[in-house]
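Chemist: A single structure is presented below for examination.
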Amino acid sequence: MKNLIADIPLGPGFQGVGPLGTGQASDAGTTFNSALSKVIGVMTVVAFIWFTFQMVIGAIRILASGGDKGAVEAARKQITTGIIGVVIVVAAIFIVSLLGTILGLHNILNPICIINNNC
């Protein structure tokens, strides 16, 4: 019978492959936590930049509408959509935290704590 890749013992010295595999095995959780925090942070910053962009463009469209009711309504809709988007981004953090509390994972926003089971 052929060996599957998952069945091959890697030995005690194996530390993984790629950038997450460097260092000691105990550093893996910290590296994962750091990477996840950076991704969430970048996505939040991008969302707020997009919100600001939508607000500025919507305001310029209102000023440039020249009294056209259709153009003003479209610009107002763009601003409203931007506000709803930023509210969703802010609420998502609280919703995830609430779900973590409901599920008994009090530190769901800190995955290393859950992985190491020391919360």
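Chemist: Taking the condition of a type in the set (Asp, Glu), open to solvent by 80 Å² or more (accessible area, probe 1.4 Å) and at pLDDT below 90, does Asp7 pass?
Modeler: yes
Chemist: Within the set of pairs 6 or more residues apart or between chains, which connect a residue that is within 14 Å of Ile93 (Cα to Cα) and in a helix (DSSP H, G or I) inside region 19-47 to a residue that is at pLDDT below 75 and not acidic (Asp, Glu) with Cβ atoms less than 7 Å apart?
Modeler: Here the result reads Leu36/Pro111, each pair linking region 19-47 to a residue that is at pLDDT below 75 and not acidic (Asp, Glu).
Chemist: Another question, if that's okay. Output the number of the condition that Thr52 fails; it satisfies all remaining conditions of (1) more than 17 Å from Val90 (Cα to Cα); (2) open to solvent by 50 Å² or more (accessible area, probe 1.4 Å); (3) not hydrophobic (A, V, I, L, M, F, W, C).
Modeler: Going through (1) more than 17 Å from Val90 (Cα to Cα); (2) open to solvent by 50 Å² or more (accessible area, probe 1.4 Å); (3) not hydrophobic (A, V, I, L, M, F, W, C) one by one, Thr52 breaks only (1).
Chemist: Return the pairs, sorted by first residue and then second, in which the second residue is part of a helix (DSSP H, G or I), the first residue lies in region 85-106 and is among the hydrophobic types (A, V, I, L, M, F, W, C), the beta carbons are less than 7 Å apart, and the residues are 6+ apart or on different chains.
Modeler: Val86/Ala47; Val86/Phe48; Val86/Phe51; Val89/Thr44; Val89/Ala47; Leu105/Ile114
Chemist: Among the residues of region 68-111, how many are at pLDDT below 85 and outside any helix (DSSP H, G or I)?
Modeler: The qualifying residues number 8.
The values are calculated or read from the model by the stated rules, or taken from the named source; none is laboratory data. A quick note: this is a predicted structure, and the numbers were derived from the prediction, not measured. Positions of Cβ are backbone-derived with ideal geometry, glycine not excepted, and every protein chain shown enters the neighbour counts. Areas reflect the complete protein model, heavy atoms only, side chains present, ligands, DNA and RNA absent. Shrake-Rupley method; radii C 1.70, N 1.55, O 1.52, S 1.80 Å.
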